[in-house]
Amino acid sequence: MFDSLTGNNRVKEVLKLMIAAGRLPGALLFVGEEGIGKKLFALEVARTLNCRSPKDNEACGTCGACTRILKFNFPMSIDSDDWKQMIWSDHRDVGMVVAPKRVLRVEQMRAIEREANFRPFEGNARVFLVDEAEKLNDSSANALLKVLEEPPSTAHIILITSRPAMLLPTVLSRCQMIRFSPLSPDEIERYLTSNKIADAKSAKIRARAAAGSIARALSGDLEAFTAQRRDMLAVVEALVVTENRAQLLRLAEQLNEAQYKEEFEERLDVLETLIRDAWMLSLGVKREQLVNEDLAGELEKISKRMDPTKAAAWILEVEDMREQLLVNINRKVATDSLFLTMASGEIPQKRFSVK
Ligand SMILES: [Zn+2]
């Protein structure tokens, strides 16, 4: 049942309606961030079409067809040539292609075309997933075009991507696009607690750190995140409460110790959510609406001394810095300058000027 999946209720409704009306397009494109369940939704579509005892046009989730559709026979070794083939589930009508390395290959697309033309072996429809469709190159995309254009009535091809801009217009124009939204912290929190992945307290923190992605909530290192947040809270306190520049520079140095670029950006994310939360509190927003709700006490103290105009400018500064990171600036210099600009008490005018 679609309701067993987390989030994206609007997408659930659309897919259910299309399937119930027998009008599910043959070529679909699922678009949305990593780790929010696009593949599970695609497999639920496959189940709904092939379930042996559907209820109200939905898959039962327990019959032989439903259980086998979720079991994929992925090759054991990453070097295996089998990655270049169709990877089948235990259901003979449901398969998936995955990029063996950086690109999806022509022969994988030919396999989809060939298999799509067979009648279903045991169910009602053949369903093929193309994971990471942004890895189609010109040749493999072209090999897929014909079957996308006119898929047999019993076949559905679902392309999945977090980067639709990388797809050729010819591919985009042949697919019905379905957009997925990031999950809300509450949705992720419920997922973590109802699946007994985390207790109530850590689920709350994890869900808020995950920025909309269940995959991130699962992989995130809670201890590291808590430590990052403590460091960044110290930055905001030094900016607003103690106005201690020497401490700020020390913290800037610490931020640069972050060994990997990835962690550095995570820290900027955390810093931004803390500033935003304190800002929201100073504007009278309720505690429950904060990203870092569990730090509401500390944030309230900060918000009392915070100038909302400055906070808005700081957020822009942080975002500016994140953009600059893309062009490989000297991180040390940039962090020092970010903190000192924020501490200078001046509101940077450049962004508010109208040309
Ligand atoms: Zn079933």
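Quick notes
- The range 59-71 - residue that is in contact with an Asp or Glu (Cβ under 8 Å, 6 or more places away or on another chain) and not in a helix (DSSP H, G or I) and, of those, nearest to the ligand (Cβ to nearest atom): A59
- Taken over the range 162-185, the criterion of being surrounded by 18 or more Cβ atoms within 10 Å (Cβ to Cβ), at pLDDT 95 or above and touching a strand residue (DSSP E or B) at 6+ places or on another chain (Cβ under 6 Å) is satisfied by R174, C175, I178.
- The numbered conditions (1) farther than 19 Å from P25 by Cβ; (2) at pLDDT below 95; (3) not hydrophobic (A, V, I, L, M, F, W, C) are all true for G123 except (1).
- Checked against (1) within 14 Å of the ligand (Cβ to nearest atom); (2) modelled with pLDDT of 95 or more, F2 passes all but a single condition, namely (2).
- Residue match in the range 74-87 (condition: closer than 25 Å to T154 by Cα, more than 16 Å from the ligand (Cβ to nearest atom) and either touching a Gly at 6+ places or on another chain (Cβ under 7 Å) or modelled with pLDDT of 95 or more (or both)): yes
- Residues located in the range 48-58, provided they are closer than 12 Å to E122 by Cα and either within 6 Å of the ligand (Cβ to nearest atom) or over 29 Å from the mean Cα position of the chain (by Cα) (or both): C51, R52
- Condition check for T273: out of contact with any Leu (no Cβ under 9 Å at 6 or more places or on another chain), touching a residue at least 12 places away in the same chain (Cβ under 8 Å) and of a type in the set (S, T, Y): no
- Looking across R52, R23, one residue alone is in contact with a Leu (Cβ under 9 Å, 6 or more places away or on another chain), part of a loop (DSSP other than H, G, I, E, B) and exposed (fewer than 15 other Cβ atoms within 10 Å of the Cβ). It is R23.
- Of all the residues in the range 18-48, those that are out of contact with any helix residue (DSSP H, G or I) (no Cβ under 7 Å at 6 or more places or on another chain) and more than 30 Å from A211 (Cβ to Cβ) number 6.
- Some residue of the range 21-37 being within 16 Å of the ligand (Cβ to nearest atom) and modelled with pLDDT under 95: no
- When K38, K84 are checked against the criterion of being of a type in the set (K, R), over 20 Å from S4 (Cα atoms) and under 27 Å from the mean Cα position of the chain (by Cα), a single residue qualifies: K84.
- Pair list, Cβ < 9 Å and 6+ apart or interchain, from the range 53-67 residues that are closer than 15 Å to F41 by Cα to residues that are near the ligand (Cβ under 6 Å from one of its atoms) and of a type in the set (A, V, I, L, M): A59/A65; C66/A59
- The lone exception for L40 - which of (1) assigned to a loop (DSSP other than H, G, I, E, B); (2) within 16 Å of the ligand (Cβ to nearest atom); (3) under 25 Å from A207 (Cα atoms) it fails: (1)
- Test: residue in the range 208-227 that is crowded, with 17+ Cβ neighbours inside 10 Å and in contact with a strand residue (DSSP E or B) (Cβ under 6 Å, 6 or more places away or on another chain): no
The values are calculated or read from the model by the stated rules, or taken from the named source; none is laboratory data. Keep in mind the model is a prediction, meaning the values are calculated, not measured. Cβ sites come from the backbone with ideal geometry, for glycine too, and all protein chains shown count toward neighbours.
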